[in-house]
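For reference, the structure discussed in these notes is given below.
The values are calculated or read from the model by the stated rules, or taken from the named source; none is laboratory data. Computed from a predicted model, the values in this text were never measured in an experiment. When we count neighbours, we look across all protein chains shown, and the Cβ atoms used for this are built from the backbone with ideal geometry, even at glycine. Note: accessible area is taken over every heavy atom of the protein model, side chains too, but ligands, DNA and RNA are not part of it. Shrake-Rupley method; radii C 1.70, N 1.55, O 1.52, S 1.80 Å.
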Amino acid sequence: IHLFLGLYTRHGSSQVVVESYLDQPFETARQQARDKGLKVVITDSTFVIGMPPNMVIEQDPKPGSKVKKRRTIYLWVTGGQAPDVLLPNLAGKDDFDTYQRELDRRGIELSIKERQFDSKLEENTILGFYYQGQPVSLEQIRAGFKVPKGSQMQAVISRRSDGMVAIPDLVCQTFE
């Protein structure tokens, strides 16, 4: 039985060292694998911010592994289209820093476009947004506003002081 099993599995036959295909275009990885007598299969794809589509981001077996010829190498590649992300409602999260952290976890970049004076609201309360230069109201956010992952947005936030103080007219007045 052991002899038959060894013949069937080609135990000890020619070994090939698996190269690293990471950070390469899929077609380049496929050609390099074919040149060594290996096959490649894409097992999954995922969108990665800042990376072009069809780049290898993970592989199995790992680089440096020894495998037999005609072995299949499984690759994970970057996808081409960013998935849409539903912006979270502002209820309880209308503070800029809190909302910025929430969007960061979802792959959206948020920066401050402008600050507007409002003596009634807490400092850094979000008053509105801009996406691709267009205003986005808080009502649109509540209704379910989506942007592609990796997008950049800007916020309009409140400030409590505007740096200006009204000074009464003191011309020709006594100190008292």
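Hey, any idea what the orientation-averaged projected area of the convex hull of the stretch 82-156's Cα atoms comes to, in nm²?
Orientation-averaged projected area of the Cα hull: 4.7 nm².
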Lysines within cross-link reach of Lys69: Cα-Cα under 18 Å, excluding same-chain residues under 8 positions apart?
Lys36, Lys39
What does the accessible area of Glu19 come to, in Å² to the nearest 10, when a probe of 1.4 Å is used?
60 Å²
Using the charge dipole of the chain (Lys, Arg: +1 at Cβ; Asp, Glu: -1 at Cβ; taken about the Cα centre), state which of Gln81, Cys172, Pro25 has its Cα farthest towards the positive end.
Pro25
Please enumerate, by chain and number, the lysines with C-alpha under 30 Å from the C-alpha of Lys146, excluding those fewer than 8 residues away in the same chain.
Lys93, Lys113, Lys120
Trypsin sites (Lys or Arg not before Pro), loop per DSSP, at most 11 other Cβ atoms within 10 Å - longest free stretch of the chain
11-69
Pop out the carbon and sulfur fraction of the accessible area of the chain as a percent, whole number, probe 1.4 Å.
52 percent
For a bin width of 10 Å, list the pair-distance distribution of the stretch 43-89 built from all Cα-Cα distances, rounded to whole %.
24, 36, 26, 10, 4, 1
For Met153, residues with placed amide H under 5 Å, excluding near neighbours:
Glu109, Leu110, Ser111
What translational D, rounded to a whole number of µm²/s, comes out for the chain from Stokes-Einstein when the hydrodynamic radius is the Kirkwood one over Cα pairs, at 25 °C and 0.890 mPa s?
115 µm²/s
Return, for the Cα atoms of the stretch 114-176, the radius of gyration and Dmax in Å, separated by a comma.
19.2, 64
Whole number in Å², please: accessible area per residue of the stretch 1-140, 1.4 Å probe, ligands, DNA and RNA not counted.
65 Å²
